[in-house]
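Accompanying notes for the structure given below.
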Amino acid sequence: MFPIDFLYRAAQLHADRIAIESPTERITYSQLMTAVNALAVALQAQDPTPGSRVGLCAANSSNYIIGMLAILAAGKVWAPLNYRSTSSELRRILDATTPTALFIDDTGDKLIHGHEDLKIPFVQFPELIKQHQGQTPKRHTLSRDDTQAIKFTGGTTGIPKGVMQPYRAWVAGIINQIFGWKITHQDKFVICAPISHGTGTYIVPLLAQGGTLLLCASSSEQDVVHAFEQQGGTMTFMPPTLIYKLMAAPGISASSFPALRLLIYGGAPMPTEKISHTQAFFGPVVATTYGQTEAPQIVTLLTPQDLLKPAYRASVGRASWLSEVAVMSPDGAQMPTGEMGEIAIKGDLVMTGYWKLPEKTSETIKNGWLHTGDVGYLDKQGYLYIKERLRDVIITGGFNVYPIDVENTLSLHEAVHEASVFGVADDKWGETVNAAVELKPGHSVTADELKAFVREKLGPVLTPKHIYFYDSLPRSSVGKVLKTAIKDDVINAGHSRSSAT
């Protein structure tokens, strides 16, 4: 069974149900399948080779979902292209993946220069669907280890790499999403983060169960709330930054989310104090998962019921089905319960490798274990606790400092909206602890006051030597704080930011 088969089965059962709803349109399962099959046939007509790549560069829309599903139905490889990237970055990915077709909206068309013979703009979808209406794409004999998607990732550091996600990883993810979140045909999933990233992992599970995908008119707080308040959204996936914006926006309260049963946060960690605030605002609906592009989205999950327990608020949950999680020492030995080491993953969710980078693949996957570069530990019940990226551990005066510990403490201060902690090379200490801080609107605090606050709670070793204030911390297109950009800013010119605010 392949990912697209989940949709085919759902369409048989729920032909007249609404599959996709936006402020301007409603698409039934029957209509969705007609469009998906027709576009898949069009892709195969343009290039009949199974496993060839199809790029998709666009903002969230019904056409994005239809295009993505058509790629799957055609037996092609989905290569999502971030429409918020630069033209040069997109060109590098296109050169690496050599797609045979490109689905684009107006934004993607302006970003991607050349490749005119490959471009299939969304405005051509109606004509292509009409031309191939009633036809079904050819099914190819494929292996569960064949590639379903190539997603480029570099996190906040390093050179982006093309992660080859196999069919088995997608199937395992679909099953775990349905089982872990108890998804049913009554669910309405609000899409408010890019489908090209983590949100994309929720598309097929919702459709597989006959649920509805709700598209927001924009990413503004008002349009996101409309999907919950007026359209009955029951679940969603959001980065912490969007959650914080919703809680801070005037006129928005718990009553704005009357049917919400599941708010899954991810893409970045949320400090324990922020989790408590989010639960107080939205109710007992907050949940999270842990994964990487190399083992997408749901290696572990923490349910709302578990997250209500204070002991588990710093955890990312327990391993999902078909996944193994271990903590390893530098020599590859598994660490005892409670001891810190590198988190490793094994099972169906793990990628087959990096596109055309065999050396990087062998560095990352050893003896079947994906070495994540994350540091953490497992407790006696199997709950996973993440400390930091391995490369981000700060060694100062011979002591290991995990930035997340300092970030969590800074976030407890009433004036702090968000903090990012990093190490800077130092002749005396090896590295010093530094922090970049974004304050809440209308609040003020000095660097010395924040240092004293941390020192009282964590002691002198973990207290930042320097604190830099930002009106807005630099972020990636999906809301992750760009720690490397902050560090470069500080090293090159940023010391003037450390003045009191």
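Here, each number is a calculation from the coordinates, and none is a lab measurement. A quick note: this is a predicted structure, and the numbers were derived from the prediction, not measured. Because the Cβ atoms are built from the backbone with ideal geometry, glycine has one as well, and the counts that use them run over all protein chains shown.
Some points to look at:
- Set of aspartates and glutamates with alpha-carbon distance to residue 309 below 16 Å, sequence-local pairs under 8 removed: 273, 379
- For segment 128-139, backbone phi angles converted through the Karplus equation (6.51, -1.76, 1.60; θ = phi - 60°) give residue-by-residue couplings of 5, 5, 5, 5, 10, 4, x, 8, 10, x, 6, 8 Hz, Gly and Pro being listed as x.
- Note on residue 182: aspartates and glutamates with a C-alpha under 19 Å away, same-chain residues under 8 apart excluded, are 306.
- Difference of contour (0.36 nm per residue) and Cα-Cα distance, residue 367 to residue 136: 79.1 nm
- Looking at the chain, the DSSP beta bridges with both ends there are about 60 percent antiparallel.
- Alpha carbon centroid spacing (whole Å) that separates segment 166-244 from segment 257-285: 15 Å
- In the structure shown, the pairs 428/451; 366/480; 387/483; 76/138 are assessed against 22 Å; a Cα-Cα span above that value is assigned to 366/480.
- Charge dipole (segment 58-194, unit charges on Cβ, about Cα centre) - positive-most of 142, 101, 115: 142
- Loop-located trypsin sites (Lys or Arg not before Pro) in segment 37-106, at most 16 other Cβ atoms within 10 Å (DSSP): 84
- Relative contact order for segment 11-82, counting Cα pairs under 8 Å that sit 6 or more residues apart, in percent: 29 percent
- Backbone N atoms of segment 378-420 closer than 19 Å to the 7 Å Cα→Cβ label point of residue 281 belong to residues 408-420.
- Each residue in 351, 235 was given a count of other beta-carbon atoms within 10 angstrom of its own, and listing them fewest first yields 235, 351.
- Mean separation of Cα contacts under 8 Å, 6 or more apart, over the residue count of the chain: relative contact order %: 10 percent
- Amide proton proximity set for residue 388, modelled H, under 5 Å, gap of 5+: 375
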